[in-house]
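Right, one structure below, let's go through it.
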Ligand code: ZN
């Protein structure tokens, strides 16, 4: 069953999600929610979906970057983005820390801010300590695009949207990003807009 993805303006996107305990995680309710979020993310399609985006104010998100999502992107662009496939997984009650000071600036979008993209500066390397869908403690070390996905999803769990962090003058509709090749050279674009 697919769930409806709520859009910006819905107060649930601005609330901090509630922590889940291990009993809840193993409950049928949460296990079914995870399954429905997986289906909803794939249908969208998206590389991540946080519980507040389907109206559930919980510290839970699903992530997956599939081979068919990146097959159309050039090897050069993938290398620039540091993007590669990420198997489906669940993060619960995550704690995020930044590793080092390096950052990257790329366009990102959000299923809850339909039709737009903007440049967001994010840490390049992060560590996430969380629980998985079986309630087991997991430490994730991530960099590049995967690190960006984690930061975006964990922001959702704390009531933050990418628009709070974006370079406001880079905001574009997705349609215009294609039309004007906005995504092609982010550094050049930033220099022009500044
Ligand atoms: Zn989002």
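Computed from the Kirkwood radius of its Cα pairs, the Stokes-Einstein diffusion coefficient for the range 1-97 at 4 °C and 1.567 mPa s stands at 89 µm²/s. Annotation for the range 105-150 versus the range 32-52: alpha-carbon center distance of 15 Å.
In degrees, nearest 10, range 0 to 90: what is the angle between the Cα axis of helix 28-43 and the longest Cα principal axis of the chain? In the chain, helix 28-43 runs at an angle near 20 degrees to the longest axis.
In this label model, residue 164 and residue 191 are separated by 3.3 nm, measuring between points 7 Å along each Cα→Cβ vector. The alpha carbons of the range 11-193 give a radius of gyration and a Dmax of 16.3, 53 Å, in that order. Helix 144-157 axis versus longest C-alpha principal axis of the chain: approximately 50°, rounded to the nearest ten. Simple spin-label estimate for residue 67 and residue 132 gives 2.1 nm between the two label positions (7 Å along the Cα-to-Cβ direction from each Cα). Per residue, the average separation of C-alpha pairs within less than 8 Å and at least 6 apart gives the range 11-193 a relative contact order of 24 percent. Full extension of the chain between residue 103 and residue 121 gives 5.8 nm of extra length, using 0.36 nm per residue less the Cα-Cα distance. Among 88-94, 145-151, 168-174, sorting by the average number of other beta carbon atoms lying within 10 angstrom of each residue, highest first, gives 145-151, 88-94, 168-174.
Read the figures in this text as sums done on the coordinates, not as results from a lab. Predicted model, so just to flag it, every value in this text is computed and none were measured. Counting neighbours? That spans all protein chains shown, and the Cβs are built from the backbone with ideal geometry, glycine included.
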